[in-house]
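Trainee: Quick one: the structure is below, questions incoming.
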Amino acid sequence: MILHIDMDAFFASIEQRDDPRLAGKPIAVGGHSRRSVVSTASYEARRFGVRSAMPMFMALERCPHLIVVQSDKGKYAAESRRIMEIFNHFTPVVEPVSIDEAYLDVTGCERIFGPPHEIAMVIKERIKKETRLTCSIGGSHLRFLAKIASDVNKPDGIFIIEEEQAAGFIETLEIRKIPGVGKRAMEQMEMLGIHTLGEINRLSPAILKQKFGKFGAQLRNYARGIDPSTVGADGPRKSISSESTLEHDTSDMDFIKKQLLAHAQRVGRDLRRKELLAANVTIKLKFADFTQITRQNKLSAPICSSSAIYREAVRLVEKTQITKKIRLLGVGVSSFSEPGAPVQLDIFESTEQQEDKWEDVDRAVDKIARRFGNGIIKKATLTPPDKPS
Ligand code: TTP
Ligand code: MG
């Protein structure tokens, strides 16, 4: 039995808990500037149509009495750690998937805590008692269904799909609720006349593969009640990224490169702290008209140096035809491997000797940043000309 637990309006609930004046009020967590976006909104604000990732000005248009609260990432991260620790009391098989959500394999916990519904109740009570926050819990023997189930009775709800109910649930499950089904896949499904997961069984494997590639095979499995993924098997994190909305929309390439460098350094530092190598570099660009693209490059040898990440990111941006001003940009890495595997040899034998040196520099910089804080050392190109350091 797999449980998927997701905190309710996480950042907003923490703020409402810590400031009683905000309780029961429509609030949005984010920044105060006109350009900032909503991280999340309290359920009271959601009633007015305020949503995550919505520009703050739009949220204020929809809900003029909205209270905007400055986000405090450190506080949310600390709360996240507390919650993950609570999960560890129930089972050692916990896979955190984001700041406020985790999968728990509770197979075998029945003897101690009772059936899944009761386990879920006990977990909820414990979280409530220790953090004064609520969460929603979904359960199923299939991982993908557990995730969907946690949303069914949100907020503060429990929904368990017993094994014998799974087929019926799958039959009528709307395609758009399946994790990984994006806008484009949804459009194709509509064109094929498919609205529920059960209807996927009508399509031939060949059509599914042709239209949706690898994901098509996965959907076919889901439709037949097959999901071999287990909890924890995929490792804790599959990607590391850093992004920010710019102060002003821009097409100034020098400025864009400086931003890419800052993000590459942040991502590189995180990667090295986790002692990982990445074989995939991604950039994300959001334009002034809010359209968004991502581009990625698979590398022949994995990297962890900030300068290598930066170089790939610049290459990706330069390859992209950019006709609109950029509003947000981000850099990410994925396809991780751990150093120590034979693959590490490739790096040190690589012809790009320069890279080795940068990795040494990176590590030295990381060490200093750990002792004295992140702002202390920056690459010269990130230092404003009037403030040499
Ligand atoms: P979610 O679990 O997606 O949202 P939520 O917990 O706020 O609300 P729900 O009750 O629907 O689960 O995300 C968890 C936190 O991650 C959220 O509180 C704020 C942050 N977040 C962002 O910063 N930006 C985003 O676009 C999203 C979706 C979330
Ligand atoms: Mg949540």
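Read-outs: derived from the displayed coordinates by stated rules, not from any lab. On a predicted model such as this, the values are computed, not experimentally measured, just so you know. Cβ atoms come from the backbone with ideal geometry, glycine included; neighbour counts cover every protein chain shown.
Trainee: Go ahead and set up a Gaussian network model of the chain, Cα springs under 10 Å, then flag whichever of I99, I322, I127 fluctuates most.
Mentor: Top of the fluctuation ranking is I322.
Trainee: Then there's this: With +1 on the Cβ of every Lys and Arg and -1 on the Cβ of every Asp and Glu, and nothing else charged, how large is the dipole of the chain about its Cα centre, in debye rounded to the nearest 20? Walk me through the numbers on the way to the answer.
Mentor: Values: 59 positive and 51 negative charges, 211 e Å.
Computed about the Cα centre, the dipole is about 1020 debye.
Trainee: Is the C-alpha gyration tensor of the stretch 171-218 telling us rounded, prolate or oblate? Criteria: a/c under 1.5 is rounded; beyond that, a/b larger than b/c is prolate, otherwise oblate. Don't jump to the answer; show the numbers that get you there.
Mentor: Details: a/c = 1.41, a/b = 1.16, b/c = 1.21.
The shape class here is rounded.
Trainee: Let's see if you can work this out: charge +1 on each Lys and Arg Cβ, -1 on each Asp and Glu Cβ, no other charges. What is the dipole magnitude of the stretch 167-223 about its Cα centre, in debye to the nearest 20?
Mentor: Values: 9 positive and 5 negative charges, 55 e Å.
Dipole of the stretch 167-223, to the nearest 20 debye: 260 debye.
Trainee: Report Rg (one decimal) and Dmax (nearest whole number) for the chain, counting Cα atoms only, units Å.
Mentor: For the chain, the Cα radius of gyration and maximum Cα-Cα distance read 23.0, 69 Å.
Trainee: Please build a GNM for the chain, connecting alpha carbons under 10 Å apart, and tell me which residue among H32, H141, H89 fluctuates the most.
Mentor: Maximum fluctuation in the GNM of the chain, among the listed residues, is at H89.
Trainee: Roughly what % of Cα-Cα distances in the stretch 81-225 sit above 25 Å, to the whole percent?
Mentor: On the way: 3753 of 10440 pairs.
Here the long-distance tail beyond 25 Å is 36 percent of all Cα pairs in the stretch 81-225.
Trainee: Taking the Cα atoms of the stretch 168-326, report the difference between the largest and smallest coordinate on each principal axis, in whole Å and largest first.
Mentor: Taking max minus min along each principal axis of the Cα atoms, the stretch 168-326 gives 54, 38, 26 Å.
Trainee: Next question. Where a ≥ b ≥ c are the square roots of the eigenvalues of the C-alpha gyration tensor, would you call the stretch 279-335 rounded, which needs a/c under 1.5, or, failing that, prolate if a/b is larger than b/c, or oblate? Don't jump to the answer; show the numbers that get you there.
Mentor: Working: a/c = 2.41, a/b = 2.26, b/c = 1.07.
Verdict is prolate for the stretch 279-335.
Trainee: Would you be so kind as to identify which of S36, A364, I240 lies farthest towards the positive end of the dipole of the chain, taking Lys and Arg as +1 and Asp and Glu as -1 on Cβ and the Cα centre as origin?
Mentor: S36
Trainee: Can you list which of the chymotrypsin sites (Phe, Trp or Tyr not before Pro) found in the stretch 200-233 are DSSP loop residues with at most 11 other C-beta atoms within 10 Å? Please list the in-between numbers first.
Mentor: Details: sites: F212, F215, Y222; in loops: none.
Filter output for the stretch 200-233: empty list.
Trainee: State whether the stretch 10-73 is rounded, prolate or oblate according to the following rule on the C-alpha gyration tensor (a ≥ b ≥ c being the square roots of its eigenvalues): a/c under 1.5 gives rounded; otherwise a/b larger than b/c gives prolate, and the remaining case gives oblate.
Mentor: Working: a/c = 1.75, a/b = 1.27, b/c = 1.38.
Since a/c reaches 1.5 but b/c is at least a/b, the shape of the stretch 10-73 is classed as oblate.
Trainee: Say we join alpha carbon atoms closer than 10 Å with springs in a Gaussian network model of the chain; which of D249, D105, D289 then has the biggest fluctuation?
Mentor: Greatest mean-square fluctuation among the candidates belongs to D289.
Trainee: Then there's this: Run the helix sum for the chain: -39,500 (n - 2.57) per DSSP H stretch of 4+ residues, divided by residue count, reported at 222 nm to the nearest 500 deg cm²/dmol.
Mentor: -13000 deg cm²/dmol
Trainee: Beyond 14 Å, what share of the Cα-Cα pairs of the stretch 45-126 remains, rounded to the nearest whole percent?
Mentor: Values: 2365 of 3321 pairs.
Looking at the stretch 45-126, the distances longer than 14 Å represent 71 percent of pairs.
Trainee: Which of K214/K319; K73/K319; K73/K128; K238/K284 have a Cα-Cα distance over 28 Å?
Mentor: Numbers: K214/K319 26 Å; K73/K319 34 Å; K73/K128 21 Å; K238/K284 16 Å.
Those over the limit are K73/K319.
Trainee: With only alpha-carbon pairs counted, each pair once and no self-pairs, how large is the Kirkwood hydrodynamic radius of the stretch 7-152 in angstroms? Numbers along the way, then the final one.
Mentor: Working: mean 1/r = 0.0613 Å⁻¹.
Kirkwood hydrodynamic radius for the stretch 7-152: 16.3 Å.
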